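Engineer: Dropping a structure here in structure tokens format, bear with me for questions.
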Amino acid sequence: MSDFDNEMTDEQLAALLRDIDTDTEAEEAVQGEEAADTVDSADTPDAAEGAEAQAEDEPADLSEADRKALEELPTEDDVREQIRGLEGKWYVLHTYSGYEKRVKQDVETRIETMDMEDEIFQVEVPMEEVFEIRRGQRKLISRVRMPGYVLVRMHLNDDSWRVVQSTNGVTGFVGNGRNPVALREDEVVSMLTPVIQADAAATAKAAGKPVDGAEPVTISPFEVGDSVTLISEPWAGMPATVSEIDPANQRLTVLMTLVGQETPVELSFTQVRKED
């Protein structure tokens, strides 16, 4: 085996996992608050009648796992139970950004055509749903959660390494030296939980049922420090710098010079234009 290109250091991998853990803790906090509200409302007679009506509306041919998905999203503990005992170990592939889904498809094809089903078992691209602001409209989209990275579960040997490494779009395994570093269980759970939750939510949506969980975050087309130009009166044409952003409400605070002083002004996303 040759040295891997574009390898991620242990420090970079740790930073990536810390970001994922932070996102997960925030989601769990929101889910905990929503769960408390749900418990209070469930004690009323109307809530009980509603639950019975909902149960009657559920399709009769749902599996137990699907029925659970209709009620709530899997937790990290649920995911841990699902992955425990699976064959192989989980590794992270470094790919060209934007090629993650293509790499997943190509690796899966190569597994089949090269008879590697007993060595390479699963390929995943962690995804997430977010609200994106486009032309003043808030739109729900699905995007890659970790751009440039793909997860693969496999027995690592010369043959399996070669099949994955030589796939178009793969620039190397994450690791140091010549040996890829397998993920620890906690790391796998952190990365796969959003994937399994998304599958569960899709099952619920297909059955026409809402599922409990934190609302997707809203991402902003702006970043703190961006240079913008105001496009609404009375300051149309004046330059400013973004200092604060409120994506959920599509508002931002900019710093602009008025009467010789730098002054904060709160505006909507549609009142400014980002400079190229």
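Engineer: Fewest Cβ neighbours within 10 Å first, please rank VAL188, VAL92 accordingly.
Structural biologist: Sorted ascending by nearby Cβ count, the order is VAL188, VAL92.
Engineer: Distance cut-off 25 Å, Cα to Cα: go down the list LYS104/LYS274; LYS104/LYS209; LYS89/LYS209; LYS139/LYS205 and report the pairs above it.
Structural biologist: Beyond 25 Å between Cα atoms: LYS104/LYS274; LYS104/LYS209; LYS89/LYS209.
Engineer: Using the Karplus curve 6.51 cos²θ - 1.76 cosθ + 1.60 with θ = phi - 60°, work out ³J(HN,Hα) for each residue of the range 248-257 in order, rounded to whole Hz, and write x for Gly and Pro.
Structural biologist: With coefficients 6.51, -1.76 and 1.60, one gets 4, 9, 6, 10, 8, 10, 10, 9, 9, 8 Hz.
Engineer: Still on this structure, please answer the following. Loop only per DSSP, at most 11 neighbouring Cβ atoms within 10 Å: give me the trypsin sites (Lys or Arg not before Pro) in the range 84-120, ordered by residue number.
Structural biologist: ARG84
Engineer: Working from the alpha-carbon coordinates of the range 220-274, get Rg over Rh, Rh being the Kirkwood radius.
Structural biologist: 0.93
Engineer: Hey, another quick one. Taking 1 over the mean of 1/r across every pair of different Cα atoms in the range 145-276, what Kirkwood radius in Å do you get?
Structural biologist: Taking every pair of different Cα atoms in the range 145-276, averaging 1/r and inverting gives 19.7 Å.
Engineer: Say each of THR270 and GLU76 gets a label point 7 Å from the Cα, pointing the same way as Cα to Cβ; how far apart are those two points in nm?
Structural biologist: Label at THR270, label at GLU76, 4.1 nm between them.
Engineer: By counting other Cβ atoms within 10 Å of each Cβ, how are TRP235, TRP90 ranked from fewest to most?
Structural biologist: By the 10 Å Cβ count, ascending, the order reads TRP235, TRP90.
Engineer: Taking neighbour counts of Cβ atoms within 10 Å as a proxy for exposure, in what order, fewest first, do ILE111, ILE196 appear? Show your work: numbers first, answer last.
Structural biologist: Details: ILE111 23, ILE196 20.
Going from least to most buried by this count: ILE196, ILE111.
None of the figures in this text is laboratory data; all of them are computed from the coordinates on show. Fair warning: this is a prediction, and the values are worked out from it, not measured in the lab. Glycine gets a Cβ as well: all are built from the backbone with ideal geometry, and neighbour counts include every protein chain shown.
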